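Here is the structure we will look at.
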Amino acid sequence: MCGSGGQQLGRRNGRMALPAQKNGYTFADVLSLEGDERIELINGEAYRMATPSRIHQGICFEIGRQLGNYLEGKQCRAYPAPFAVRLFEQDGERPEEVDSVVEPDISVVCDRGKLDKYGCRGAPDMVVEVLSPSSLRHDRLVKLNLYQQAGVREYWIVDPENRSVQVFLLDSSGFFRICEDYGCRDVAKVNVLDGCFIELAKVFSE
């Protein structure tokens, strides 16, 4: 299931999803969660993942399907959320030392040495986030800066409302630059995967 939106953690049904922490949360706290609660951490701050809509899930599935078809038999792999990405985790760090964990809607990872039983340690080559009403600022500002800092090579922001895709590429200075704005009938190029294109008419079929 793909994820949706980041809302800073608060009370729900009279209780906190995670116990209060003076010094912030870590990946160890996320691993201790029970049930279906899904949390992202950014510098120790916890954000609850909202329940995605049907349209959101359909878009995630179609992009993932097209990526998966292209990647069959190739080195790279595409993973839908839930898939824990610890962008800044260093060799030897324990879960209780990792304070940033995100769940992109889709992650493309070409270095299989970054993969472990939890997900990805380090920056994926490509990240796709599908906007939801609760995630507009989070995905366009907070996560964009986070992915830029981590060195994600390509970042797609998919807008279901406007039926569009904005593509950011990491330049030689380490900053994201807008590469392309695609409409719902365009064929979008995946820059980090040679010869890979996504048919957006199928992505935005509703």
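We did not get these values from a lab; they are worked out from the coordinates using the rules stated. Please read these numbers as outputs of a predicted model, since none were measured by experiment. Here the Cβ is made from the backbone with ideal geometry for all residues, glycine too, and neighbour counts use every protein chain on show.
A few remarks follow.
- Only Lys, Arg (+1) and Asp, Glu (-1) charged, at Cβ; the chain dipole about Cα centre in debye: 300 debye
- Straight-line cross-link partners of LYS117 among the aspartates and glutamates, defined as a Cα under 16 Å from its Cα and at least 8 positions apart when in the same chain: GLU89, ASP91, GLU93, GLU103.
- Karplus-based coupling profile of segment 153-166, in residue order and whole Hz: 6, 9, 10, 9, 10, 9, 10, x, 5, 9, 6, 9, 9, 10, with θ = phi - 60° in 6.51 cos²θ - 1.76 cosθ + 1.60 and x standing for Gly or Pro.
- Local electrostatic count at MET49 - Lys and Arg +1, Asp and Glu -1, tallied over other residues with Cβ under 11 Å: -3
- Cα-based shape type of the chain, given that a ≥ b ≥ c are square roots of the gyration tensor eigenvalues and the cut on a/c is 1.5: prolate
- Taking a ≥ b ≥ c as the square roots of the eigenvalues of the Cα gyration tensor, segment 126-206 is oblate, since a/c reaches 1.5 or more and a/b is not larger than b/c.
- Distance between segment 25-51 and segment 153-176 - C-alpha centres, whole angstrom: 25 Å
- Segment 185-204 versus segment 57-100: alpha-carbon centroid distance in Å: 19 Å
- Shape class of segment 49-136 from the alpha-carbon gyration tensor: oblate, with a/c at 1.5 or above and b/c at least as large as a/b.
- Dipole of the chain computed with +1 at Lys/Arg Cβ and -1 at Asp/Glu Cβ about the Cα centre; of SER107, VAL192, VAL158, farthest Cα towards the positive end is VAL158.
- The peptide list 24-33, 99-108, put in order of mean Cβ contacts within 10 Å with the highest first, becomes 99-108, 24-33.
- When peptides 153-162, 125-134 are sorted by average Cβ neighbour count within 10 Å, with the highest value leading, the order is 125-134, 153-162.
- Cα long-axis angle, helix 54-71 against the chain (0 to 90 degrees, to the nearest 10): 60 degrees
- Bridge orientation summary for the chain: considering DSSP beta bridges with both residues in this region, about 80 percent are antiparallel.
- Expected 222 nm ellipticity per residue - DSSP helices of 4 or more, -39500 (n - 2.57), all of the chain, to 500: -4500 deg cm²/dmol
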